[in-house]
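Input: a single structure, listed below in structure tokens.
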Amino acid sequence: MHLEALVTWLFVGLAAGSLAGFLIRPGGYGWRADLLLGLGGSLVGTVIFHALALTPETGWLGMALVAFAGAASVIVGQRWWHTHA
């Protein structure tokens, strides 16, 4: 993983976690947990897209969109699990 990809992954994961804390209804485990879920989700999204070979060289914006999609998916899943479990 290149330094640019790592920085993008970290930035987008933290941004997604932070936005989720504000935009998604309450029910999570707090701001810190949202940040960690955002980081984890962005890593999972990036790994899945690389494993499926769905990541052409789209640059910074493409990496950011993939990382954000993964982070948002994990955070929404956590919120759903927290309210239905």
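Quick look at the values:
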read-out	value
Degrees, to the nearest 10: 3-23 long Cα axis against longest axis of the chain	20 degrees
Spatial extent of the chain: Rg and Dmax, with the Cα atoms as the point set, Å	12.8, 40
For the stretch 65-82, Karplus couplings with θ = phi - 60° (6.51, -1.76, 1.60), whole Hz, Gly/Pro x	5, 5, 5, 5, 4, x, 5, 5, 4, 5, 5, 5, x, 5, 5, 5, 4, 5
Listed residues 64, 33, 72, most fluctuating in the chain (Gaussian network, C-alpha, under 10 Å)	33
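Where a number appears in this text, it was derived from the coordinates with a stated rule and is not lab data. On a predicted model such as this, the values are computed, not experimentally measured, just so you know.
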